[in-house]
Amino acid sequence: MTARNTPGSTAAADDESIKRGYASVNGLEMYYEIHGTGQPLVLLHGAFSAIGTSFAKVLPALARTRQVIGVELQAHGRTADIDRPLRCEFMADDVAALLRSLNIEEADLFGYSTGAAVALQVAIRHPEVVRKLVAVSVTYNTEGFHPGLMEGMEGLKPEHLAGSPWQLEYAAIAPNPGDWTALVEKVKDLRRQVQDWPADDIRSIKAPTLFMVGDSDIIRPEHTVELFRLLGGGVPGDSMGLPDSQLAVLPGTTHATIMDRADWLVSMIEAFLAKPMPGGK
């Protein structure tokens, strides 16, 4: 596995302090960019998206106190596709391999939507590289979505997203912009193949986790509470002590708008990540 520098463009493209590169991992040339210094924090974007469309409103603030590593997953953004289906487990292995190629032994992970599912799988499959998790709008089984949403994905066509921020970003930065149609089909296939992860897999996660969801998200709020309980949450903290994991439900917030709540997200994420690790580490 090797990493090499490359020119690139983001919302902060003129900042020469940003390190950009590609890492050769698992057959991919995986794009990454590093902002700031401090404890590493890896950002994992949503489906169809990239670093910019998922994190532009929160990245600059987070990078004031941390080394923020934005990555672009298989077939997304500047990372070209390979002959492999999109699966959260495969992408989790890619993220762990990227961290090793950058000589990062342990990092915090902040994932949104599909990126949050990838983050959970990193914590399950590669627990040694994960310090803390922030999982925004995530489900671990098909029951987590509101009824009918997954069936609705079957009718999605590339032209339905024409002119959207995701399509425009892809057209501007992807190494092969003509692969947009293939990406839409691969994301639909990922949704079809979503399998229920055993509750014991979630319970096995040792990293303290902050779950965040919009009160009008595509994820049922009850499901996010269920995830929180699987990691020790939902207890009377006054008598039993606060659990290591935390839960935030953002009012007046949908799946598409949750990443716009930059002030709320950054304040809660920074407080969670700054809290001492269990055992005082």
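The table below gives the values:
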| item | result |
| --- | --- |
| Net charge, VAL249 excluded, C-beta distance under 11 Å - Lys, Arg +1, Asp, Glu -1 | -3 |
| Span-rule helices in the chain, defined as complete DSSP H runs reaching 15 Å or more along the axis (Cα) with Kyte mean at least 0.0 | 88-101, 114-125, 262-274 |
| Full-extension gain in nm, SER24 to THR142, via 0.36 nm per residue minus C-alpha separation | 39.2 nm |
| Tensor-based shape of region 44-104 (alpha-carbon gyration tensor, a/c under 1.5 rounded, otherwise prolate or oblate) | oblate |
| Semi-axes of the equivalent ellipsoid for the chain, Cα gyration tensor, largest first, Å | 27, 23, 18 |
| Cα gyration tensor, region 186-264 - rounded (a/c under 1.5), prolate or oblate | oblate |
| Positive-end residue of LEU183, LEU41, PHE55, charge dipole of the chain with Cβ unit charges | LEU41 |
| Coordinate range along principal axes, alpha carbons of region 17-127, Å, largest first | 37, 27, 24 |
| Peptide ranges 234-240, 182-188, 91-97 listed from the most packed, as the mean C-beta count within 10 angstrom indicates | 91-97, 182-188, 234-240 |
| For the chain, with +1 on Lys and Arg beta carbons and -1 on Asp and Glu, the positive-most of SER24, GLN74, ALA171 along the dipole | SER24 |
| Ranked packing of 108-114, 65-71, 162-168, most packed first, by mean Cβ within 10 Å | 108-114, 65-71, 162-168 |
| Dipole magnitude of the chain, debye to nearest 20 (Cβ charges: Lys/Arg +1, Asp/Glu -1, about Cα centre) | 480 debye |
| Net dipole in debye of region 33-93 [+1 Lys, Arg Cβ; -1 Asp, Glu Cβ; about Cα centre; nearest 20] | 320 debye |
| Cα Rg, Dmax (largest Cα-Cα span) when computed across region 40-187, Å | 15.2, 43 |
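Any read-out appearing in this document is the output of simple, stated calculations on the displayed coordinates, not a laboratory observation. Since the model is a prediction, treat every value here as computed from it, not as a measurement. No Cβ is skipped: glycine too gets one built from the backbone with ideal geometry, and neighbour counts run over all protein chains shown.
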